[in-house]
Amino acid sequence: MFSSLMAGQPDLFQAWKQWMEAETGLDRDSLHVCVGLAVFVLTMLLLRRGPHRWLPLLAVFAAALTGEILDVWALLTHWEYRWSAIRWSYNWHDLVFTSIIPAVIFLMARAWYLMTTDDFDHA
């Protein structure tokens, strides 16, 4: 099934995105939110960091930025877009949708942490 989606796709990443959309039934914006939350939670679990720490949020930003770089790369190489033809607002939109919920969780957890502790050395 996945190999049939690969047909006509510029690379494995684009095919994977289309496969995820088809299998989950979620639209792309919803998938961006889910991926952002998944990266945030997995980073917290794997690195044993709380939501008030910067590292999980930075991992979300890195994953979102990597995804958008791969999207632009596919447009430039496979679809032969020119830089001027790329709709950058779509990329910014995707970055925001991927990062917004983890950023809100981080800000709430960070505020709570700073209000309830005097340990500013390890904040």
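Key figures for this structure:
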{"quantity": "Label-to-label distance, nm, for residues given as L12 and L55 (7 Å Cα→Cβ offset)", "calculated": "2.7"}
{"quantity": "Exposure proxy ranking, count of Cβ atoms within 10 Å, fewest first, for R110, R82", "calculated": "R82, R110"}
{"quantity": "For M108, M44, M20, order by how many other beta-carbon atoms lie within 10 Å, fewest first", "calculated": "M108, M20, M44"}
{"quantity": "Formal net charge of residues neighbouring F40 (Cβ-Cβ distance under 13 Å; K, R +1; D, E -1)", "calculated": "+2"}
{"quantity": "Axial C-alpha extent at least 24 Å, average Kyte-Doolittle at least -1.0 - helices from the chain (DSSP)", "calculated": "28-47, 54-77, 88-116"}
{"quantity": "Relative contact order (%) - criterion: Cα under 8 Å, at least six apart; region: the range 25-116", "calculated": "43"}
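Here, each number is a calculation from the coordinates, and none is a lab measurement. These numbers were taken from a predicted model, which means no experiment stands behind them. In this analysis, Cβ positions are derived from the backbone assuming ideal geometry, glycine residues included, and neighbour counts consider all displayed protein chains.
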